[in-house]
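Student: My questions will all concern the structure given below.
The values are calculated or read from the model by the stated rules, or taken from the named source; none is laboratory data. What you are looking at is a predicted structure, and each value in this text was computed from that prediction instead of being measured. Note that each Cβ is placed from the backbone with ideal geometry, even for glycine, and that neighbours are counted across all protein chains shown. These area figures cover heavy atoms from the full protein model, side chains too; ligands, DNA and RNA do not enter into them. Shrake-Rupley method; radii C 1.70, N 1.55, O 1.52, S 1.80 Å.
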Number of protein chains: 2
Amino acid sequence: MSELADVAALLADRTRARILEELLGGPALPAGALAARVGVAPSTLSGHLAKLEAAGLIVVRARGRRREAELARPEVAEALEALARLAGPAARPIGLRAVNGHAALREARSCYDHLAGRVGVALADSLVARGALVASDGTFMVGDEAYLADAFGIEVAALPRRRTLVRGCADWTERRPHVAGALGAALLDVALSRGWVRRRNDGRALNVTTAGRVALMDGEHTR
Amino acid sequence: MSELADVAALLADRTRARILEELLGGPALPAGALAARVGVAPSTLSGHLAKLEAAGLIVVRARGRRREAELARPEVAEALEALARLAGPAARPIGLRAVNGHAALREARSCYDHLAGRVGVALADSLVARGALVASDGTFMVGDEAYLADAFGIEVAALPRRRTLVRGCADWTERRPHVAGALGAALLDVALSRGWVRRRNDGRALNVTTAGRVALMDGEHTR
DNA sequence: GGGACGCTTCGGTGTGCACCGAAACTTCGC
DNA sequence: GCGAAGTTTCGGTGCACACCGAAGCGTCCC
């Protein structure tokens, strides 16, 4: 029933676009928190959530008296990234706070469920250098499964098969690929659980710890 | 200066979306022809072209007294396909003419500059079966360069390097990947010049000839 | 050069939709 | 149960923008 223009119309509103960008950060967010982040009244936000849900772009789960939203499927994140690439070099942010936020986004951020930004690209590079991945212009293939198991505890064979295993995702800020797909998601899980990066509570940007800098930027993957 | 929502707003208008879908067909089209195809007044179309050009989504070349439009870069086509995937199973077309057109689109179409639809996926499969490409869930790498040279006259080393050489593009109708990127463009050129497929004059759909059926669907690539 | 063609600019019309506040509804904690 | 917190529904306001026709301006053809 839906056409391309209908989907685009959902993304064309500044508020809805900001909602989806927040959800690109990964974890589900309750409606009230989203309203505060994007700066609209709860009633306004409620209407937007209803539209996005009806279109199948997000799913909303009731948890007690709050309703938590997250992206419905990886394709949504892919379309958002494709549009962000079209939008090109992002708007020069105005104001110190915005500049800091933007610098943090460039450094490290979660892109739906995987690691992006300077750190994401560095991780991809170091995995290629180790032979764990093989780069083929703009995308990746698994190279050394044993390395992934040893260094990260990731068993490639055990990863979910519903989605693409490993995919190059052209980084929006770096213009070079980072690792997406099921393996990308697994790598972000490892980075979070080992304390290499921590989620900030104000958006998609991630804080990189000292240990994380060594592991991700310098390629010392073993804990 | 532009944000994701601004780009999406350009795609959110039904008329502009149809314009871009027409341009996805590949060759540049003059403004008047576009106006006729999408069914608006020339003055209306002119305004849309100006907006799309200002945003860098299309380029418009003056050729004599007519102005021809085409997509500005591959990223635009990629974003359009990503959105089309989100839109999901296309609207069930109403009316015999629309049904026929849709069936033709599913069978074979040009997707910006490469081959898509059932035929595009079949070609990708046969190239993998021959070892010319290596499939790695959802995307491809070049396998046997000699085969590509022998069967198609495509010298991989001579392909333009500005863009990704070979890329899997999740087919909008088939839900399986076809061959995109510089190699995908070269393959469509070969298919057109050998008469395997012919452009219809009414849109993105392609007609598959008898020879083309043998070559593309059955994998008899040598002329 | 005159006339047809192709396209753009301009002014006026109409519709769609994002926004908020107030009120109703559900869930939680005590 | 009762008040508070979280969310949705409803009504009213205002702006943005797609559309067309008429007029103007280059370009081609004879």
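Student: Which residue pairs have Cβ atoms closer than 8 Å, lie 6 or more positions apart in sequence or on different chains, and pair a first residue in the stretch A:23-41 that is closer than 27 Å to A:G181 by Cα with a second residue that is assigned to a loop (DSSP other than H, G, I, E, B) and modelled with pLDDT under 85?
Tutor: Cβ pairs passing all conditions: A:L24/A:Y112; A:L24/A:R204; A:G25/A:G203; A:G25/A:R204; A:G26/A:Y112; A:G26/A:D113; A:G26/A:R204.
Student: Would you pick out the residues in the stretch B:48-66 that are within 6 Å of DNA strand C (Cβ to nearest atom) and surrounded by fewer than 18 Cβ atoms within 10 Å (Cβ to Cβ)? Break it down into steps so the answer makes sense when it comes.
Tutor: Start the filter on the stretch B:48-66 by keeping residues that are within 6 Å of DNA strand C (Cβ to nearest atom), which leaves B:49-50, B:65-66.
Hits for the stretch B:48-66 are B:A50, B:R65, B:R66.
Student: If you don't mind, there's one more thing I want to ask. What's the total number of residues in the stretch B:128-158 that are charged (D, E, K, R), closer than 17 Å to B:H178 by Cα and not in a loop (DSSP other than H, G, I, E, B)? Lay out the reasoning, then the answer.
Tutor: If we filter the stretch B:128-158 for residues that are charged (D, E, K, R), which is where we start, we get B:130, B:137, B:144-145, B:150, B:155.
Then drop every residue that is not closer than 17 Å to B:H178 by Cα, which leaves B:130, B:137.
Now drop any that are not not in a loop (DSSP other than H, G, I, E, B), which leaves B:130.
So the answer is 1.
Student: How many residues does the stretch A:64-86 hold that are more than 28 Å from A:G168 (Cβ to Cβ) and at pLDDT below 85?
Tutor: Of the residues in that region, 2 qualify.
Student: How many of the residues making up the stretch A:23-39 are under 16 Å from B:A8 (Cβ atoms), out of contact with any Cys (no Cβ under 8 Å at 6 or more places or on another chain) and away from DNA strand C (no atom under 14 Å from the Cβ)? Even if it seems obvious, please write down each step before you answer.
Tutor: So in the stretch A:23-39, the residues under 16 Å from B:A8 (Cβ atoms) come out as A:23-24, A:38.
Then drop every residue that is not out of contact with any Cys (no Cβ under 8 Å at 6 or more places or on another chain), which leaves A:23, A:38.
When the remaining residues are screened for being away from DNA strand C (no atom under 14 Å from the Cβ), the result is A:23.
Selection size over the stretch A:23-39: 1.
Student: While we're here: Could you pull out the residue among A:A215, A:A186, A:A211, A:A182 that is farther than 17 Å from A:S126 by Cα and either of a type outside the set (D, E, K, R) or in contact (Cβ under 8 Å) with a residue 12 or more places away in the chain (or both)? Talk me through it step by step, then tell me what you get.
Tutor: Details: A:A215 fails: farther than 17 Å from A:S126 by Cα; A:A186 fails: farther than 17 Å from A:S126 by Cα; A:A211 fails: farther than 17 Å from A:S126 by Cα.
Checking each option against the conditions leaves just A:A182.
Student: Still on this model: Could you tell me which residue of the stretch A:141-163 is most open to solvent (accessible area, probe 1.4 Å), considering only residues that are within 11 Å of another protein chain (Cβ to nearest Cβ) and in contact (Cβ under 8 Å) with a residue 40 or more places away in the chain?
Tutor: The qualifying residue most open to solvent (accessible area, probe 1.4 Å) is A:R163.
Student: Moving on. Filter the stretch A:169-223 for residues that are open to solvent by 10 Å² or more (accessible area, probe 1.4 Å), farther than 20 Å from A:M141 by Cα and out of contact with any Lys or Arg (no Cβ under 9 Å at 6 or more places or on another chain) and give the result.
Tutor: A:S193, A:G195, A:R198, A:R199, A:R200, A:N201, A:T210, A:R213, A:V214, A:D218, A:E220, A:T222, listed by residue number.
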